[in-house]
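**Q** Sending over a structure as structure tokens; questions will come in a sec.
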Amino acid sequence: MKYHKPQDFDEASRLAAGAKGATRFLAGGTDVLVQMRADVFTPDEIIDLKHIPGVKDITRRADGGWTIGIAVSGAEMSEHADLHAEWPGLVEAMDLIGSTQVQGRATLVGNLCNASPAADSVPAMIAAGVTVTVTGPNGSREVAVEDIPTGPGKTALARGELISAVNIPARGDHGGDAYERFIPRTEMDIAVVGVGINLRLDGDTVTEARVGLGAVAPTALLVQEAADAIIGTTLDDAALDKLAAATSAACKPINDKRGTVEFRTHVAGVLARRVALTAYKRAKG
Amino acid sequence: MALDEYKPQKGGTEYDPEKTEFTFVGTRPDRPDGLDKVTGRAKFGADMSAPGMLHAAIVRSPHAHARIVKIDTSKAEAMKGVKAVVTRADFADDIPFKPGMGGELWNVLENVMAGEKALYDGHAVAAVAATSALEARDAAKLIEVEYEVLPHVTDVDKAMAPDAPVIRAGTRDRSVPEGFNENVVRYHESGHGDVESGFAEADLVIEDHFKTEATHQGYIEPHACLAMLGNDGKGELWCCTQGHWNVQKLCAALVGIEQSQLRVTASEIGGGFGGKTAVFIEPVALALSRKANRPVKLVMSRSEVFRATGPTASTSMDIKIGMKKDGTITAAQGTFRLQGGAFPGAPCEFTAMCAFAPYALENVHQVGYDVMTNRPKQAAYRAPGSPMAAFAVESVIDELCKQLDLDPIEVRLKNASKEGTKASYGPRFQRIGLVETLEAAKAHPHYSAPLKPGQGRGISCGFWFNHGGETSVTLAMSEDGSAQLMVGTPDIGGSRASMALMAAEELGIPYENIRVTIADTASLGYNEVSHGSRVTYASGLATIQAARDTVRKLKKRAADKWGIDEDAVYWEDGYAKPSGPNAGEFEPMHISKICAKMGATGGPIVGHYEATPEGAGVSFATHIVDAEVDPETGKTSVVRYTVVQDAGKAIHPTYVEGQYQGGAAQGIGWALNEEYIYGEDGRLQNSVFLDYRIPVASDLPMIDTVIVEVPNPGHPYGVRGVGETSICPPLAAIANAVSAAAGARLRELPMSPPRILAALEKQANG
């Protein structure tokens, strides 16, 4: 096994493009190292991104949004007061992953690139309209989070490409986000269903909304029909019923050890209602 | 009461009703092993190493049922660093196959290393030892096994069907009636009276069907051992086990050496709950060590623990109970089908015998079936078989109470077994404490506390036999008057503290002055495994007797010094004292003074006790549970939990309470989310803790405990075992609480959210 420690993303990209055999990028390592120890997957080359300058920074951009370094841990996000205040749904989704120890290492980008349909931070990022900067042999491009995973364990990243930053949009006025997942226990578990909703209000009326849905399809989904169900409403019961129905309708789950098709489809609608109400309350301030 | 007045009866092990004042017993000092455990100094199974040690890995079947056509080890043996490879051919070949439990030694061997067939996903088929753990892992991948995959079955009801694939023809014993699939290997039937006439007397008869999935003990420490076996047939084994004499006996037979030539030392143990009463990796490590002539360390991964150790049996049960309007149970009948994997041994007789034990019944009948499937060989799990029986029986009693509008505790009190009751499984009960637990539960503030909307309350009783077993203890005095106590039962629940308290009580020296050691197999006579809730009872009884033997010897030294008869000396608070004016005027002699001179006054002072005590008193408990169910998602929270249990006499109340709370905590996991999930391919789907959902700390409420003390007539202080009874009521108590909260009866465990939601929908749709 070869271990690389690049000093910038271009070097990381070159290393990945030239690697022989299976390659893994290392940031927090909470998937890569665990898979190695459990003898699930042992890469031939590891490219450690933690030593690239700036990867541990949370930066306020000029447009009011945030740039999150690819090695920023969940714990660092949770303890960042301004980020947490503006994007509580996104920060709390990240905070749900793993234990306190895992929170000290786990990253948004790792959660995204591991490409598990049940990744908690992904529906929350989709709802928030987060994009990532992808660096590759042909330079950089910005990609919406929902376009990164293409199936369980698979991403849209080409050979030699890697994510070099996470871009959270400006919060703006009268907006709020929330994320909830269903697990049979209280913590330390994998989502059976996860719903993230971000919305903006004009008075009592929802003017913008995005709904991200996790663990009910091969990838996390952006559900436009669910958003449409509440845009233009005051989130009354009729709107919530439509939201729940549209969310359930978008589910394409499987029966597995974590839940049945019927259960996941039903609970997705239940969570959508609850999450929308929380986001609405937060948007009202 | 001075000890010299103690009149032993039948070997001196009966309860002494006059011994009611205690100095040390009933106090709560820190456990002697506590500091080692919280600082990481304690040595567990995987913590031992030896010079020149090799690491081992086991090749396991990926198939639920397959004929092993060929095993090619040549590539692994050619790999650098590999020092030995073993298959079934490297184990004893003279152990006979016999039907039923008569061939248990063959069953253990077949489970440790597959012979002609792999019988479940995870069954060991070969093993390799190499100079590093990584090399061993890679070498294991180079061992090529050719399988002919066979049809499999993992569900108990399906395994009983006439057309089910037969796991192993010829295994059923003579107890099984005609007409069953050969997978039904043992049969039990017991009871008394006439249930049909009993049902005819009832105002309401309820008959229902229940299922429970297999669960794992979930001990935090995976199995681990360090083995050394020479070609001279002499061996040393360090391992994590609940009983090292049993390990010695089984391993010696499986690798074909004399028992006494294998010295086994038990490490500290990170949980067992019955699951570490068997051998899995130890014989394999010994066989590898003999072949490599080097020490071999073998440590299981969590996935191996789930796939290839011994979970509990899964069950399918039918219960029929008749009740009068006043709550009198007129008859009870139960059918209990248990699958215990690819070997006989599922505890169908315990399930059947415990099912109705809490109740005094004129008419009762129970049958049990032991059924084989393509799953790992079940092992004991805390009161094996009893929790599942209680789940089914107590659910039906709850439903009867509900439909007849009766209070569930009053109904249980009305029917409760008492001293003299003919038990559902045969004998008459001696003094027991079921009524006392029910009265304490009724009086507890929990039982009358108001419930919030969406919450429900459940009650259940539970029963376990408890056990005595072969026990030997040695207590050796040191020159400074402190004492070394050697017991042979691994400490799985704070027993060193309890032993030290009982020895301190008898010797009259401080708790801290007693060092309790779990002796290796070369240092004591045979000790049965730490199981059956037997340790505080049996090793405790032996400790008391060994201490009394020591005190007799101490008094003799004082008597000799004073030149008086030893009967004229009594023992009090660590001093030998002349028993009265007629004995003479002598200054009381302290234990330290006697021991300081022991070399010159007759030699070392050592007390012994060896016996198989048979007076383990049975034990009962009553649990109260409040649960809250989210009707939209089926998610359950246990919001309040109270355990009331008869301990006979609590030696160290904190560790008794710990057992009560632990039983409730494991029961919550078993009831709500834990289960073995097999796919269509017969492979275990959830062999890691992420998907095998034991409760995390935040899933549990604070668990309140009430210790009831109704003395066991068979122990000098009245001790009853407490470790297992605490897991008998939770499944039923939680199911009754959840059913009340949900407004729908839950008949299948675990009561996972999808199952609860499905039950709610079924109820809503009529």
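The values are calculated or read from the model by the stated rules, or taken from the named source; none is laboratory data. Keep in mind that this is a model prediction, so the values were computed, not measured. We place every Cβ from the backbone using ideal geometry, glycine too, and count neighbours over all the protein chains shown.
**Q** Find the residue count for region A:170-215, including only residues that are of a type outside the set (A, V, I, L, M, F, W, C), in contact (Cβ under 8 Å) with a residue 12 or more places away in the chain and within 14 Å of chain B (Cβ to nearest Cβ).
**A** Number of matching residues: 4.
**Q** Just a yes or no: is a residue in region B:327-348 part of a loop (DSSP other than H, G, I, E, B), touching a Gly at 6+ places or on another chain (Cβ under 8 Å) and aromatic (Phe, Trp, Tyr)?
**A** No, the conditions are met nowhere in region B:327-348.
**Q** Here's something else I'd like to know. Would you point out the residue of region A:249-273, among those that are closer than 17 Å to residue B:673 by Cα and modelled with pLDDT of 95 or more, that is farthest from the other protein chains (Cβ to nearest Cβ)?
**A** A:264
**Q** Moving on. For residue B:701, state whether it is under 19 Å from residue B:460 (Cβ atoms) and either hydrophobic (A, V, I, L, M, F, W, C) or in contact (Cβ under 8 Å) with a residue 12 or more places away in the chain (or both).
**A** So residue B:701 passes the test.
**Q** Working only within region B:532-547, note down all residues that are part of a helix (DSSP H, G or I) and either assigned by TED's automatic domain parsing to the domain that holds residue B:648 or of a type in the set (S, T, N, Q) (or both).
**A** B:536, B:539, B:543, B:545
**Q** In region B:488-546, which residue that is in contact with a Pro (Cβ under 6 Å, 6 or more places away or on another chain) and not aliphatic (A, V, I, L, M) is farthest from residue B:712 (Cα to Cα)?
**A** B:511
**Q** Sticking with this structure for a sec: When residue B:702 is evaluated against the numbered criteria (1) within 14 Å of chain A (Cβ to nearest Cβ); (2) surrounded by fewer than 19 Cβ atoms within 10 Å (Cβ to Cβ), which criterion, by number, is the only one it fails?
**A** Looking at each condition in turn, residue B:702 falls short on (1).
**Q** Would you mention how many residues in region A:4-53 are assigned to a loop (DSSP other than H, G, I, E, B) and either touching a residue at least 40 places away in the same chain (Cβ under 8 Å) or under 13 Å from residue A:161 (Cβ atoms) (or both)?
**A** 17
**Q** Right, something else. Being among the charged types (D, E, K, R) and touching a strand residue (DSSP E or B) at 6+ places or on another chain (Cβ under 6 Å) is true for just one of B:761, B:724, B:709. Which residue is that?
**A** Result of the check over B:761, B:724, B:709: B:724.
**Q** Moving on. Residue A:102 versus (1) in contact with a Ser or Thr (Cβ under 8 Å, 6 or more places away or on another chain); (2) closer than 27 Å to residue B:695 by Cα; (3) more than 14 Å from chain B (Cβ to nearest Cβ); (4) touching a residue at least 60 places away in the same chain (Cβ under 8 Å): which is the lone unmet condition?
**A** Among (1) in contact with a Ser or Thr (Cβ under 8 Å, 6 or more places away or on another chain); (2) closer than 27 Å to residue B:695 by Cα; (3) more than 14 Å from chain B (Cβ to nearest Cβ); (4) touching a residue at least 60 places away in the same chain (Cβ under 8 Å), residue A:102 violates only (3).
**Q** While we're looking at this one, here's another question. Of the residues B:265, B:277, B:241, which single one is in a strand (DSSP E or B), in contact with a helix residue (DSSP H, G or I) (Cβ under 8 Å, 6 or more places away or on another chain), of a type in the set (S, T, N, Q) and not assigned by TED's automatic domain parsing to the domain that holds residue B:691?
**A** B:265
**Q** Further question: Filtering region B:636-658 down to residues that are in a loop (DSSP other than H, G, I, E, B) and touching a Lys or Arg at 6+ places or on another chain (Cβ under 9 Å), which residue is farthest from the other protein chains (Cβ to nearest Cβ)?
**A** B:649
**Q** Select from region B:406-459 the residues that are surrounded by fewer than 16 Cβ atoms within 10 Å (Cβ to Cβ) and touching a residue at least 60 places away in the same chain (Cβ under 8 Å) and list them in ascending order.
**A** B:410, B:426, B:430, B:449, B:452, B:454
**Q** Also: Check whether at least one residue in region B:80-97 is on the phi > 0 side of the Ramachandran plot, surrounded by fewer than 18 Cβ atoms within 10 Å (Cβ to Cβ) and not hydrophobic (A, V, I, L, M, F, W, C), and report yes or no.
**A** Taking every residue of region B:80-97 in turn, at least one turns out to be on the phi > 0 side of the Ramachandran plot, surrounded by fewer than 18 Cβ atoms within 10 Å (Cβ to Cβ) and not hydrophobic (A, V, I, L, M, F, W, C).
**Q** Just one of the numbered conditions (1) in contact with a helix residue (DSSP H, G or I) (Cβ under 8 Å, 6 or more places away or on another chain); (2) surrounded by 19 or more Cβ atoms within 10 Å (Cβ to Cβ) is not true of residue A:56; which one?
**A** (2)
**Q** Can you find a residue in region A:118-134 that is surrounded by fewer than 19 Cβ atoms within 10 Å (Cβ to Cβ) and over 16 Å from the mean Cα position of the chain (by Cα)?
**A** No, region A:118-134 has no match at all.
The rows are residues; the columns are (1) touching a residue at least 60 places away in the same chain (Cβ under 8 Å); (2) out of contact with any Gly (no Cβ under 9 Å at 6 or more places or on another chain); (3) crowded, with 24+ Cβ neighbours inside 10 Å.
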residue	(1), (2), (3)
B:687	yes, no, no
B:711	yes, no, no
B:720	yes, no, yes
B:735	yes, no, yes
B:748	yes, yes, no
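**Q** For residue B:377, state whether it is among the basic types (Lys, Arg) and closer than 30 Å to residue B:117 by Cβ.
**A** Yes: the conditions hold for residue B:377.
**Q** Here's a check for you: in region B:193-213, which residue that is part of a helix (DSSP H, G or I) and under 14 Å from residue B:366 (Cα atoms) is nearest to the chain's Cα centre (by Cα)?
**A** If we take residues in region B:193-213 being part of a helix (DSSP H, G or I) and under 14 Å from residue B:366 (Cα atoms), then B:195 is nearest to the chain's Cα centre (by Cα).
**Q** Of all strands (runs of 3 or more DSSP E) completely enclosed by region B:72-168, which ones contain at least 3 residues that are farther than 25 Å from residue B:179 by Cα, touching a residue at least 12 places away in the same chain (Cβ under 8 Å) and within 14 Å of chain A (Cβ to nearest Cβ)?
**A** Once the strands (runs of 3 or more DSSP E) in region B:72-168 are filtered for at least 3 residues that are farther than 25 Å from residue B:179 by Cα, touching a residue at least 12 places away in the same chain (Cβ under 8 Å) and within 14 Å of chain A (Cβ to nearest Cβ), nothing remains.
**Q** Say whether the condition of being at pLDDT 95 or above and more than 13 Å from chain A (Cβ to nearest Cβ) is met by at least one residue in region B:683-693.
**A** Within region B:683-693 (the criterion being at pLDDT 95 or above and more than 13 Å from chain A (Cβ to nearest Cβ)), the answer is no, since none of the residues qualifies.
**Q** Moving on. Looking only at region A:28-74, count every residue that is of a type in the set (Gly, Ala, Ser), assigned by TED's automatic domain parsing to the domain that holds residue A:109 and within 17 Å of residue A:112 (Cα to Cα) and tell me the total.
**A** Looking only at that region, the number is 4.
**Q** Do we find that residue B:669 is assigned to a helix (DSSP H, G or I), out of contact with any Asp or Glu (no Cβ under 7 Å at 6 or more places or on another chain) and either surrounded by 22 or more Cβ atoms within 10 Å (Cβ to Cβ) or away from chain A (no Cβ under 14 Å) (or both) in this structure?
**A** In short, yes.
**Q** If you go through region A:17-33 one residue at a time, how many are within 20 Å of the chain's Cα centre (by Cα) and not aromatic (Phe, Trp, Tyr)?
**A** Adding up the residues that qualify gives 8.
**Q** Among the candidates B:476, B:440, single out the residue that is in contact with a strand residue (DSSP E or B) (Cβ under 6 Å, 6 or more places away or on another chain) and outside the structural domain of residue B:354 (by TED's automatic domain parsing).
**A** Selected residue: B:476, the only one of B:476, B:440 that is in contact with a strand residue (DSSP E or B) (Cβ under 6 Å, 6 or more places away or on another chain) and outside the structural domain of residue B:354 (by TED's automatic domain parsing).
**Q** Run down B:367, B:393 and say which single residue is crowded, with 24+ Cβ neighbours inside 10 Å and either in contact (Cβ under 8 Å) with a residue 60 or more places away in the chain or part of a helix (DSSP H, G or I) (or both).
**A** B:393
**Q** Is it the case that residue B:621 is assigned to a loop (DSSP other than H, G, I, E, B) and crowded, with 24+ Cβ neighbours inside 10 Å?
**A** No.
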